[in-house]
1. Which condition number in (1) over 30 Å from L97 (Cβ atoms); (2) away from the ligand (no atom under 16 Å from the Cβ) is the one that R219 fails?
2. Of everything in the range 4-49 that's touching a Gly at 6+ places or on another chain (Cβ under 6 Å), closer than 22 Å to R75 by Cα and of a type in the set (G, A, S), which residue is surrounded by the fewest Cβ atoms within 10 Å (Cβ to Cβ)?
3. If N92 passes every condition in (1) crowded, with 17+ Cβ neighbours inside 10 Å; (2) in contact (Cβ under 8 Å) with a residue 40 or more places away in the chain; (3) closer than 30 Å to M257 by Cα but one, which one does it miss?
4. For the range 384-404, indicate whether the set of residues that are away from the ligand (no atom under 12 Å from the Cβ) and surrounded by fewer than 19 Cβ atoms within 10 Å (Cβ to Cβ) is non-empty.
5. Could you tell me which numbered condition K308 fails, if it satisfies all but one of (1) within 24 Å of G441 (Cα to Cα); (2) of a type in the set (K, R); (3) away from the ligand (no atom under 16 Å from the Cβ)?
6. Is it the case that some residue within the range 328-348 is within 16 Å of the ligand (Cβ to nearest atom), touching a helix residue (DSSP H, G or I) at 6+ places or on another chain (Cβ under 7 Å) and part of a helix (DSSP H, G or I)?
7. So, in the range 54-70, of the ones that are under 17 Å from G347 (Cβ atoms) and buried (at least 21 other Cβ atoms within 10 Å of the Cβ), which residue ends up farthest from the ligand (Cβ to nearest atom)?
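Read-outs throughout are calculated quantities, based only on the coordinates presented, and are distinct from any laboratory measurement. This one's a predicted model, so the numbers in the text were calculated from it and none came from an experiment. Backbone-built Cβ (ideal geometry, glycine too); neighbour counts: all protein chains shown.
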Amino acid sequence: MTGAGKRITGPKGAPLVGVFPQMKRDALGFFERTAAEHGGVALLDFGLKKIYLVTAPDCIQHVLLDNDRNYVRGRSVDSARLLLGNGLAMNNGESWLRQRRLMQPAFHRQRVARFARLITDLTDETAEGWRREAAAGRTVDVADEMTKLTLRIVVKSLFSEDIRDRLDELSEAFDVAQHFIYWHGRNPLALPLRVPTPANRAFLRARRRLDEIVFDLIRERRVRDARTDDLLDMLLAARDEETGQGMDDRQVRDEVMTVFFAGHETTMTMLTWAWYVLASVPEAERDLQAELGSVLNGRPPVIADLPKLGYTERMLQETMRLYSPTWIFAREAVADDVVCGYPIERGASLLISPYVTHRSAAWWPDPQRFDPERFTAERAKGRHRFAYVPFGGGPHLCIGREFALMEARLIMATLAQRYRLERVAQGPVAMTPQVTLRPKGGMPMTIHSR
Ligand code: HEM
């Protein structure tokens, strides 16, 4: 037992269902109110199940870093496991550590720099398409546009040209599988996969197709001599320093699916909100243009420009503060523990919500205000490093962080130099918290050439 500690409080719930209806009505508002009224560790009563909401930076640090071995992914990722198997974002303990060590070098800043050209080339294709949209005065859904672009980037980074004739099939099957696991995760009463419901059958069909495509690509690569230096090559070449062992085909398949899944929806959400900010905050638009003008002066960005695009980076960081793509993630306690003086029992579920922490006046002055200068070295000094966790923290810190930040800066610098996007609707856009934090109804905008 953990012994006595501070008593954890939380919002009052209804009999049997607890706070579930309140959360269902407005999850973001409900979590924000809970943290404001009940502090950095609050208790959510879901009837049969109790969950802790951890939002104070020092308590987050305890869970993700100081005592991270006590907190595993647990049942919260059971649905995603149906698709991602034992990929890095699902994995725990020794197996996780081994995989993380194998994969880490491929995601190092210097190694991901090799994808810069691929990113700007694919972004140029989007820019060409936008020229036609701008001339025709058509409205586009920027969330869709960013999805298509980031999807092509992740697919090409993984498989180079090998996938070209199977790309549509892969994307469609992935879409079906991804929607299913999202739905499955929110429906505790979903029937086991062996029950042939239409939803289960559609998912299994999509997963079979994905497996065929990915296993084929892996096998083709294993027998080929020439190296292509894409992420699949890096995964196949990775060797354990001590044992010299690599991954088997099944593990490579799981990691490929994981990178595919984790690598584009998050980035596309960040970019979609960045376009929203630029269209809504005139100073952000002005300062970004000033920087792009002085550093690039109309030419396309290259990797060497990134250190000079400081405002672009701060603008994206501030976008992720207010619109954290991963708005929530979970852990499960392996043994009894004390978090910030509060007793947490073995088996307890914990939720960490970057969205709530990033918008709390306790850690961020004037939190609703969009102010990229919060991220200058000067202003960041003294701020708790776990007050800003869009990529998580501790040993499980997002492995794709460098890739995502490079990708986002190159895309914004390329497109914002050539186009100004204008919102079709007025007023603030509603947010829907799904796997990532999405704008409700997409982000319809019109494109104007500069
Ligand atoms: C804006 C873009 C992104 C955001 C906001 C984001 C967010 C996150 C967060 C919050 C975590 C920690 C989850 C946890 O602790 O349970 C995470 C982990 C992870 N992310 Fe990302 N991510 C992004 C882009 C990417 C990209 C581009 C990739 C791959 C290319 C990627 C692959 C992963 C993987 C594999 C993990 C698991 C790491 C581990 O447990 O060792 N992510 N990400």
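1. Tallying (1) over 30 Å from L97 (Cβ atoms); (2) away from the ligand (no atom under 16 Å from the Cβ), R219 fails exactly one: (1).
2. Kept after step one, since they are touching a Gly at 6+ places or on another chain (Cβ under 6 Å), are these residues of the range 4-49: 5-6, 16-19, 38, 42-47.
From the residues that got through so far, the ones that are closer than 22 Å to R75 by Cα too are 16-19, 42-47.
Remaining after also requiring of a type in the set (G, A, S): 18, 42, 47.
Numbers: G18: 21, A42: 25, G47: 13.
Out of the qualifying residues, it is G47.
3. Answer for N92: the failing condition is (2).
4. Checked the range 384-404: at least one residue is away from the ligand (no atom under 12 Å from the Cβ) and surrounded by fewer than 19 Cβ atoms within 10 Å (Cβ to Cβ).
5. Against the list (1) within 24 Å of G441 (Cα to Cα); (2) of a type in the set (K, R); (3) away from the ligand (no atom under 16 Å from the Cβ), K308 comes up short only on (1).
6. No.
7. Ranking the candidates gives V54 first.
The rows are residues; the columns are (1) charged (D, E, K, R); (2) within 29 Å of K49 (Cβ to Cβ); (3) in contact with a Pro (Cβ under 6 Å, 6 or more places away or on another chain).
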| position | (1), (2), (3) |
| --- | --- |
| T139 | no, no, yes |
| L151 | no, no, no |
| D168 | yes, no, no |
| I181 | no, yes, no |
| V195 | no, yes, no |
| L204 | no, yes, no |
